[in-house]
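First comes the structure, then the notes that go with it.
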Amino acid sequence: MAEAQVVETQTEAKKKPVERKKSTSDEPKAKRLRKAKDDSKKKSSSSSNKPKRPLTAFFIFMADFRKTFKEENPDAGVKDVAKQGGEKWKSLDEEEKKVYLDKAAELKAEYNKSLESSNDADEEEADDADEKQSDEAEEKQADDEQAKENEAEKKEAEGKEEEDEILDDY
């Protein structure tokens, strides 16, 4: 006779759900609000002062094409304008595109000049901001040290009071 083998398996310990700390405020924070606050911290004030990038030759062409196409086809939608504009751009030869390429090159040169001047201004602002941050950090460190000293003195005073109470009991 063959004996049946009995295999005992340990039951896995059931995992308890992780308890989360409850926020002190009554209202829950929306994720979008948290993200917006985080994004605002990431972006520095210098990035808002940067000039906008210049239009490419194609977009300069499309601005002109859109005007003429809309006059000829007032009922045409955005999709139609984009499709026809792309086809027209592809069909243009180099001489016709040169006008738009030259205009784009001029805009890019202007952009580079303004970018350099804004970078110079940003560096000055960054130096001022760094200095301000280091001053604030030093002040905070001094405040923290003072708070620790006050807390230590308070604990020491409480300890002496307890000690006196214990001695009074005897």
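Each reported figure results from applying straightforward, stated rules to the coordinates on display, with no laboratory input. All figures in this text were calculated on a predicted structure; none of them were measured in a lab. Cβ placement follows ideal geometry from the backbone for every residue including glycine, while neighbour counts extend to all protein chains displayed.
Summary of values
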| quantity | calculated |
| --- | --- |
| Flagged links, alpha-carbon separation over 23 Å, of Lys90/Lys113; Lys52/Lys103; Lys52/Lys113; Lys50/Lys103 | Lys90/Lys113 |
| Nearest-0.05 FRET efficiency for Lys52 and Leu92, computed from C-beta distance (R0 25 Å) | 0.45 |
| Glu145 versus Asp130: modelled label distance in nm, points set 7 Å from Cα along the beta carbon direction | 2.4 nm |
